[in-house]
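Below is one structure, written out as structure tokens; comments come after it.
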Amino acid sequence: MSLVIHSVFLPADDHDRSLAFYRDGLGFEVRNDVGYGDMRWITVGPPGQPQTSIVLHPPAVDPGITDAERRTIAELMAKGSYAGIVLGATDLAATFDRLQATGAEVVQEPADQPYGVRDCAFRDPAGNMVRINQLT
């Protein structure tokens, strides 16, 4: 049996800005862009890794979510503490420079962490934490 990470879901409340972050800033491919009413789902992923995707989805659209839960999700997104992802880069410095040049919100410049990795961090346009580790 073989398992891969196929899809990760991150909320996106401004899909055009999120698309610019993931496509233009990180260099991901757009694999799907689907609309339904005023909602939109965009699937992006790293070139050469067709089995791994990030789905940028409208937050809190599940019909089972209450209005109070929607408010909580919106508050957590505004604080940048609702969702996140950790990526890996073969050249962390170049990746940092490329993403910073787009005007993305820098949370942490490249730094050696006491737990053994070198990484940096950004917030995407929806407030999701995007950490990027240096691959060895």
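At a 1.4 Å probe radius, which order do TYR22, TYR82 fall into by accessible area, largest first?
On the way: TYR22 0, TYR82 100 Å².
Greatest to least solvent exposure: TYR82, TYR22.
To the nearest 10, the accessible area of ASP14 is 60 Å² with a 1.4 Å probe.
Solvent exposure of ASP16, expressed as accessible area, is near 100 Å², computed with a probe of 1.4 Å over the protein chains only.
For region 50-64, the Karplus equation 6.51 cos²θ - 1.76 cosθ + 1.60, evaluated at θ = phi - 60°, returns couplings of x, 7, 10, 9, 10, 9, 8, 10, x, x, 6, 9, 4, x, x Hz by residue, with Gly and Pro reported as x.
A simple rule links phi to the HN-Hα coupling: the Karplus curve 6.51 cos²θ - 1.76 cosθ + 1.60 with θ = phi - 60°, which for region 126-136 gives 8, x, 5, 6, 10, 9, 10, 9, 6, 7, 8 Hz, with x for Gly and Pro.
With a 1.4 Å probe and all protein chains left in place, how much accessible area per residue does region 1-109 have, in Å²? Spell out each step's value before the answer.
Working: 6650 Å² over 109 residues.
Counting only protein heavy atoms, the per-residue value for region 1-109 is 61 Å².
Annotation: amide H-H contacts under 5 Å for ARG118 (H modelled 1.01 Å from N, sequence separation of 5 or more, or interchain): GLN113, GLN134. In terms of accessible area, using a 1.4 Å probe and ignoring ligands and nucleic acids, SER2, SER81 rank largest first as SER2, SER81.
Only Lys, Arg, Asp and Glu carry charge here, each on its Cβ (+1 for the first two, -1 for the last two); on that basis the chain has a dipole of about 180 debye about its Cα centre. Taking the 1.4 Å solvent-accessible surface of region 7-86 as the whole, the part contributed by carbon and sulfur is 52%.
Where only DSSP H runs of four or more residues are counted, the chain gives -6000 deg cm²/dmol as its mean residue ellipticity at 222 nm, each run worth -39500 (n - 2.57).
The values are calculated or read from the model by the stated rules, or taken from the named source; none is laboratory data. Fair warning: this is a prediction, and the values are worked out from it, not measured in the lab. Methodologically, a virtual Cβ is constructed for each residue, glycine included, from the backbone with ideal geometry; neighbour enumeration extends over all protein chains shown. Just so you know, the surface numbers come from the protein's heavy atoms only, side chains and all, with ligands and any DNA or RNA stripped out. Shrake-Rupley method; radii C 1.70, N 1.55, O 1.52, S 1.80 Å.
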